[in-house]
Structure formats: C-alpha cells, structure tokens
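Notes to accompany the following structure.
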Amino acid sequence: MNERNAFSVRWYNSLLFRTPLLFLLLLAVLVLSLTIIMDTIGRPRLEEQSFRMVNQVGNTMVAQLGERLAVAETLARALATTSANLPLRAQDHIKIVPRLIDELGPSSFIIGGGVWYEPFAFDANNERRSFFWGRNAKGILEFVEDYDDPRSAGYHHEEWYVPGRFLKPDQVFWSKSYVDPHTSVPMVTCTAPIYRENRFAGVVTIDLKLAGLEAFFDAQAKKMGGYAFAVDRNGKFLSFPDVTITRDTTQDKFGRKHIEYILARNLADRQPTFAPLAKALYDSSNDLLNKAKQSNLYDRRIAEVIANNSSQVSTEEAELIAAVMQDPWPGGNNGDILLKHFTTPDDLLLKEPCSVALFHVPNTYWKIVTVTPVSHAMSAATVIYRAVLAALIICVSAAVIGAFLTLNSMLMRPLSRITHQLKNAVDINAEEMLCLEDDFRNEFGTFAYWFNVRTRKLADALEQLRIIRGELEQRVNERTEKLAQTNIKLELEVQQRRRAQQFLRRLAMLDPLTDIANRRSFDAALPSYWQRARQKGTPLALILVDMDRFKHFNNTYGYQAGDQCLKKIAQTLVEAIPDNEERISRFGGEQFAVILPDSDTDSAQPLAEKIRQMVEALQIPHSEEGVNGVVTVSVGIACMQPTKDNNYEQLIARTNQALYQAKTNGRNRVALDKDLPA
C-alpha cells in the first residue's frame, strides 16, 4: 500500500465537517436562549422602566408645583409674623402689608393677600377690620374695602377663615379652589394664623392664581404622550385639559356670571368613563380621613365647629379639613408620594386604555393625576426590546462566525497545511524515531502519524517558536504597563469628580452669607437628632438666637452692615461651640439655631448665656438698642424628651415661644421654656 494513502480520514469524521456543524448548532442555541431571556426578563424590565419614567414625570410635577406653593406658604408665614408685631394702626398696615406682598410674592402667580382680624380684635368699636390687596389687570396691588362693609356677609364665616382659628403658629391651611367674584380669576387661598400675646387675633391670606396650571401640566405631559391635571383635597378640580367640562357657569338675578369648579365625582356622574379616576381620588381621601381618625391627635369637635361656623363647609368637608390640619401624610402615604397606579380600559379624553398614576402633594393634600396611553408606554418598550434583541442576535452571530473563521484560519488550515508538508517531507528513516499513538480517526490521528516522521526536523522550528513567544510576551508586558498607567489616570479623574460632588453637596447645605449650615441642613438634621434621642432615651435641647432690633440696625447702618453683623454673630456661635459646628445653623433671617443632643435646660442654659455675653462683647454699635448702644441677642431654650406622642416640631414651637418671651421681657436675655407662664 502507498505510504501516503496508508492513513486517511472519512469525510463525516473530519474536523472540517464537524467544526462548522458544531458552531452552527451553538449559534442556534444562543439565538434561542437570547430570545427566551429577553421575553421573560428583558421585556418586562423595559416595560417597568417605561412606566417608571412616567412616574418620574409625576414626581417632577409635584416638586415644581411644591416650589410655587412653598413661596405662597413662606409669604403667608412672614405676613402673619409681621402682622402679629405691627401696632394696631391702619396706616402701619396699609404701608407695610402691600410692600411685603410685592417684595416676596411673584406677581406671576401671587395675585393678592391681606390681613383679616377677629371681631373687635383690631378696633373695639368695629366688628370687622381687614386689609386686603388684589392685583389689577396691570399686576399692581389695589386696596379693597368691600369686605368691611356692614351690609355685606362679612368674612368671619368664610371657608378659608374658620379653620384658621385652629391652626398652630407657623402652620398654614389651603382653601378649596374657587373663582374670585371680583376678578373672575380661578384661585386658592393660603391661610396663616395671627397670634398676639399667645391669643388668636385673626388670619393672613395669600391668593395663588390657578391660571396657567393647565399649560404647566400640558408641557410636562407631552413627555409621556398623555395629560395631567390636579384636584384639591376635596377632589375639586384645580386644572384640567378641557376646562369646559370641569366648570359650571351660573347667572344670578343681577345678570352676573358665577363660575364654579366641579368635583371629580360630579364629572364621573356626567361622564361614566371618568368613574375609575374619580373613585381612586375618593378612596385616597377616605384613606387620609381614616388614618387621621385613628390618631389620638384627631379632634372631631374641630370638624363640628368648622361646619357650624361656615355655611360654605359641609360636615364631610369639615372632617377632611380637620384631618388635613393634623397632617397625617407629611411626606405622602407611607413616605411615598405615589398614592396609586392602575390601568383603565378607556379614557375620557384619549379614548383608549391608559395608565393612571395619583401623586400626593405634601402640605396641601392636593393630588396630581397623570394619564398615559398604555400604547405609548408599551410602544417605547417594544421598540427598545426589538432593537436590543436584534443587536444581541447580530453581535452573537458575528461573534460565533468570527470565532469559527478564526478557528478555521488559525487551526484547521494550518493543520491541513502542516500535514501536507509533512507528507511531502517524510524521511525514510522514520521507523527509528519515537512514535506517537496514531489510532485517531481524524486530522489529529493523521498529524500524529506524520509527526513521528518529522520530529527531529521540527526541532529548529520549535526554537523559532520560542523566540517568537518571547517577543510576544514582551509586547504583552508593554501593553499591560500602558493599561496600568491609563487605569491610574482614570482613578485620579474619578477621585477628582467625587471631591467636586462632595463640595457641591456641601455648598447646598451651607448658608452663603454666614458659611454655616442653612435652614435646609437644619430641617434635615433635627429629625435625625430627634430619632436618635428617642432611641437612646435621652433629652434633646434646642437654642434659638435672634438679633435684637435687626430691622432698625439695617435701616440705620445699611444692609451690608447688617450682613457683616450676621457673619460676626455666626462666627461667635462657632467659637462658642468649636467642636460641634455641624449643630449650628442659620434658622432664618437674623435667627440662628443650635441643636444640643443629650442635653437638658440646665446644661443648655450656661451655653446660651455664654453666647449672649460673647455677642454683647463684640461691641458692635447699635444706636437703637439699649443703654450701651451695642448689638445684642435674645435667646430661647427648650428641651424635650422625644417619645412616640410628641415630635420635633413641638420642640421648635416651644423654643420659639421661649425666644418670644425673651423678647417680651426686654431682649438681651435668655428665656427657658419651663419659665413660660402656664
């Protein structure tokens, strides 16, 4: 038999046949696996992410609307504080109140405000006395005297006034939506109480214009292909894409038009397709009321008094108002502003199945509703799913084909070529060499057969391969070193970015004027210290420091001097408490706060007195203050033992009362909460 034909491989045993077949089967299994994985895991995740993006839009709406509401609430509190300290003279109110509204209230959405006193609280001879300003068509505040007309119904029984009698200091109340009879402008009213000498003396109001909310919600809703609207705590519409179906217009006997927003359940009665949304809104209100009633703080008598004192408030509304005043959902239901997420088979406006999300607006207990077509959310997920699946299949196919071609190029062809070369170069003395087993029935068997013949002749070739391998290892080491240097540079960049992010976060929590913690930092820190003290069972003390006659100081020396004075007081606080700078914050305006964990009034009082003496020792001239004519501060101290029956807001309120007592007693002194009159 011819030696060259003594060993041969059948075609079905050949690696040239079996290798492509194996790669083809591998490709089929990978494509099938990718399809199953994307259908069972990838697609649901993409759909979930699509709905999460819709919820993100809702959270953004709540945050942006909250910024506008916060402006009105801050203005109402400031006006209440100012009114509580103003002399009971009409000229002082007419001079200061409108200027405060103009300076702090953007005319784009703050359209009015005023001060409303209790019967005979301002003037013993007049039951009604109010100071109200509303913006005209040019945006200028105009004084309105109609509310004090003895022939009118008065304001003491208005829906926005009666609940004010039960508000705590610094607490606000939002009225239901209504259309102003004088300007025909849709609005809501923010009410804050006035307390003079710890007695309720009336309320202040800030009117927030609702016009423009539709455009705001439309702009946000375009991102999700649907629409959004808002309702107040009673379920009365604040906005809606089609306002014609959410407002009722009537005409009185004098021919004057009256526009009134309707409730969500009223729209459901007229348009049954709106019923699922109305039911969800009604259920959320019931949840709020039920949670409030379960609390020991809920007082049914407040609801009864509100209902009896205002013809504009039903018994059901009065119970809801009493629940809202308790604020059982300060940050949403169970800490989440997303109250409910469900799907409706048909929508009133979009006429197709839609995904509906209800969001809670903290403090006001309004609700924002987003309606997104299911087809829009699913189409985005489907497009991404198909694109990702196609890309994965293409990549896997390319990888498998590339691997096969590489294997064929690097192994199969060289193996066949080497075998052919060995066949041509066989030595007649091959029998004398050490032989390998050649019982394989494939290319490796052929290779083993001819390898035994060419063993010695391949020695030089192996030496060359060692040289080449050394060169390749050197190149790999060089590449590895370059990659290590690149990794070091990347790590340095990451560290620099982290330091920059930490710096920005620090700036967000610092007061830019005094370079100490700001009110936001204080609002974040106090609940944490409160919770820690409650867990440890230790008391928590709070000190409020307020510069005496700061307004007079600014008027006398200028605002720049006032800023410098505040900086010096802040630095004095830091020097007084050098190891606990993070507990010092600017509480607001000329006020500073110091949190003292594990401290009672006995340990906090010496520190407060030290702060007062250090500020007085600064000898900053102040011609309007005292005999010495220098800047002084009044200090209030309160201490509480945190339990499940109290909260840190009570600590702030008690400290404020102590500070007020220090002011009342003549300023430049320290007052303790336990020293207040019962």
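What to note about this one:
- Between G164, G139, G134, G154, the distinction of being surrounded by 14 or more Cβ atoms within 10 Å (Cβ to Cβ), within 34 Å of the chain's Cα centre (by Cα) and either modelled with pLDDT under 90 or of a type in the set (K, R) (or both) belongs to G134 only.
- Selected residue [of a type in the set (D, E), open to solvent by 70 Å² or more (accessible area, probe 1.4 Å), at negative phi and within 37 Å of the chain's Cα centre (by Cα)] from D645, D673: D645
- Residue within segment 379-399 that is part of a loop (DSSP other than H, G, I, E, B), modelled with pLDDT under 85 and surrounded by fewer than 17 Cβ atoms within 10 Å (Cβ to Cβ) present: no
- Some residue of segment 91-105 being under 30 Å from I368 (Cα atoms), over 27 Å from the mean Cα position of the chain (by Cα) and crowded, with 21+ Cβ neighbours inside 10 Å: yes
- Only a single item in (1) closer than 21 Å to V369 by Cα; (2) open to solvent by 30 Å² or more (accessible area, probe 1.4 Å); (3) modelled with pLDDT of 85 or more is not met by N334, and it is number (3).
- Sole exception among (1) surrounded by fewer than 20 Cβ atoms within 10 Å (Cβ to Cβ); (2) at positive phi for F216, by number: (2)
- Here is the figure for segment 133-154: residues that are in contact (Cβ under 8 Å) with a residue 24 or more places away in the chain and of a type in the set (A, V, I, L, M, F, W, C) total 4.
- Once segment 273-301 is narrowed to residues that are in contact (Cβ under 8 Å) with a residue 40 or more places away in the chain and open to solvent by less than 40 Å² (accessible area, probe 1.4 Å), the residue that is farthest from W174 (Cα to Cα) is F274.
- Segment 91-122: number of residues that are in contact (Cβ under 8 Å) with a residue 12 or more places away in the chain and either basic (K, R) or part of a helix (DSSP H, G or I) (or both): 9
- Once segment 189-213 is narrowed to residues that are of a type in the set (A, V, I, L, M, F, W, C) and open to solvent by 20 Å² or more (accessible area, probe 1.4 Å), the residue that is modelled with the lowest pLDDT is A211.
- Some residue of segment 534-549 being modelled with pLDDT under 95, of a type in the set (D, E, K, R), assigned to a helix (DSSP H, G or I) and in contact with a helix residue (DSSP H, G or I) (Cβ under 9 Å, 6 or more places away or on another chain): no
- Taken over segment 639-678, the criterion of being touching a strand residue (DSSP E or B) at 6+ places or on another chain (Cβ under 6 Å) and part of a helix (DSSP H, G or I) is satisfied by L651, R654, T655, A658, L659, Q661, A662, K663, D673.
- Answer from V574, V615, V594 - the residue that is within 36 Å of the chain's Cα centre (by Cα) and in a helix (DSSP H, G or I): V574
- Test set (1) over 27 Å from the mean Cα position of the chain (by Cα); (2) modelled with pLDDT under 85 - A80 fails condition number: (2)
- Qualifying residue in segment 629-639 (condition: free of Cβ contacts under 8 Å to residues at least 60 places away in the same chain and either crowded, with 20+ Cβ neighbours inside 10 Å or touching a Ser or Thr at 6+ places or on another chain (Cβ under 7 Å) (or both)): yes
- Test set (1) open to solvent by 80 Å² or more (accessible area, probe 1.4 Å); (2) within 16 Å of D232 (Cβ to Cβ) - R270 fails condition number: (2)
- Residue check for F109: closer than 29 Å to K367 by Cα, aromatic (F, W, Y) and surrounded by fewer than 22 Cβ atoms within 10 Å (Cβ to Cβ): yes
- Within segment 645-654, tally of residues that are touching a residue at least 60 places away in the same chain (Cβ under 8 Å) and either out of contact with any helix residue (DSSP H, G or I) (no Cβ under 7 Å at 6 or more places or on another chain) or aliphatic (A, V, I, L, M) (or both): 5
- Residue list for segment 308-321, filter: of a type in the set (G, A, S) and touching a residue at least 12 places away in the same chain (Cβ under 8 Å): S310, S311, A318
- Residue tally, condition closer than 19 Å to V574 by Cβ and basic (K, R), over segment 600-647: 2
- Residue identified as outside any helix (DSSP H, G or I), modelled with pLDDT of 80 or more and open to solvent by 30 Å² or more (accessible area, probe 1.4 Å) among L26, L88, L32: L88
- Residue count for segment 244-267, restricted to those that are surrounded by fewer than 16 Cβ atoms within 10 Å (Cβ to Cβ), at pLDDT below 85 and either touching a Phe, Trp or Tyr at 6+ places or on another chain (Cβ under 8 Å) or not hydrophobic (A, V, I, L, M, F, W, C) (or both): 12
- Selected residue [within 15 Å of S239 (Cα to Cα) and among the acidic types (D, E)] from D170, D218, D180: D218
- Every residue from segment 207-254 that is in a strand (DSSP E or B) and hydrophobic (A, V, I, L, M, F, W, C): L208, A228, F229, A230, V231, F237, L238
- Index of the failed condition, S355 passing every other in (1) in a helix (DSSP H, G or I); (2) at pLDDT 80 or above; (3) over 19 Å from L26 (Cβ atoms): (1)
- In the set (1) under 20 Å from S314 (Cα atoms); (2) open to solvent by 50 Å² or more (accessible area, probe 1.4 Å), P169 fails one condition alone, (1).
The values are calculated or read from the model by the stated rules, or taken from the named source; none is laboratory data. Everything quoted here is computed from the prediction, not taken from an experiment. Here Cβ is always computed from backbone atoms with ideal geometry, including for glycine, and neighbour counts include all displayed protein chains. These accessible areas exclude ligands, DNA and RNA; they are computed on the full protein's heavy atoms, side chains included. Shrake-Rupley method; radii C 1.70, N 1.55, O 1.52, S 1.80 Å.
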